[in-house]
There are 2 protein chains.
Amino acid sequence: MSGISITPEPPYYAVIFSSQRTDGDKGYAKMADKMVELASGHHGFLGMESARDEGLGITVSYWDSLESIQEWKENSAHKIAQEKGKTGWYKNFALRVCRVERHSFFEM
Amino acid sequence: MSGISITPEPPYYAVIFSSQRTDGDKGYAKMADKMVELASGHHGFLGMESARDEGLGITVSYWDSLESIQEWKENSAHKIAQEKGKTGWYKNFALRVCRVERHSFFEM
């Protein structure tokens, strides 16, 4: 899931998840892979971009509607991951739900 | 400029810039630092979050309005950097302008 997502014409929606991890894996990598797999197959999913360095991780997922984002938020496996995120994996995070108004792509 | 930005209550705006670099620095790091410095002092700037790993870099900047984003886009030093980005630094990128509808923050 690395790389740039080719998304359809706006408007569509983006969820920006910026986080700082705690030390140690504690089951995070396995659960993160599972969440990517589940989200990718979810109704309304348009793509995902992710990068992490020593300071911060940013994952942006793209969706067709606020309804699809809400359904994914309420997915039961995702709810378990959200809880584990708060009790062990993340020191802190910000989650932002946005409406994409315009976009442009460049390829050399 | 690492870390999570504490932004004001929505609505506000986010610019998501996802990119894949070409090989070698070619003056990129110095210009990137300069752009962060310039953007941070620009009218309407609310914060910036950035992460890069071997696959992808994601920088999200936050702004008070579409007008401020437009002014920053047209800043003359920034225009030079945009041009260098297209002619040397980036293999490809996506730029998305979004309206942040809601957000939440978590701190352990």
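Any read-out appearing in this document is the output of simple, stated calculations on the displayed coordinates, not a laboratory observation. For clarity, every value in this text was computed on a predicted model and none was experimentally measured. Neighbour counts are summed over all protein chains in view; Cβ atoms, including those assigned to glycine, are modelled from backbone coordinates with ideal geometry.
Worth pointing out:
- Distances between equivalent label points of B:Gly88 across the copies, with each point positioned 7 Å along Cα→Cβ, amount to 4.8 nm, shortest listed first.
- Under Karplus coefficients 6.51, -1.76 and 1.60, residue-wise ³J(HN,Hα) of segment A:91-101 in Hz, glycine/proline x: 6, 7, 7, 10, 10, 10, 9, 10, 9, 7, 8
- Fewest-first ordering of B:Phe106, A:Phe93 by other beta carbons within 10 Å of each residue's beta carbon gives B:Phe106, A:Phe93.
- Ranked by how many other Cβ atoms sit within 10 Å of their own Cβ, fewest first, the residues A:Thr59, B:Thr7, B:Thr87, A:Thr22 fall in the order B:Thr87, A:Thr22, B:Thr7, A:Thr59.
- Local electrostatic count at B:Asn75 - Lys and Arg +1, Asp and Glu -1, tallied over other residues with Cβ under 15 Å: -1
- Cβ crowding within 10 Å, taken as a proxy for footprinting-reagent exposure, orders B:Ile80, A:Ile58, A:Ile69 from fewest neighbours to most as B:Ile80, A:Ile69, A:Ile58.
- Prolate/oblate/rounded call for segment A:48-108, Cα gyration tensor, a/c under 1.5 rounded: oblate
- Rounded, prolate or oblate (a/c below 1.5 giving rounded, otherwise prolate when a/b exceeds b/c) for segment B:9-85 by Cα gyration tensor: oblate
- Radius 10 Å from Cβ of B:Tyr62, net charge of other residues (Lys, Arg +1; Asp, Glu -1): -1
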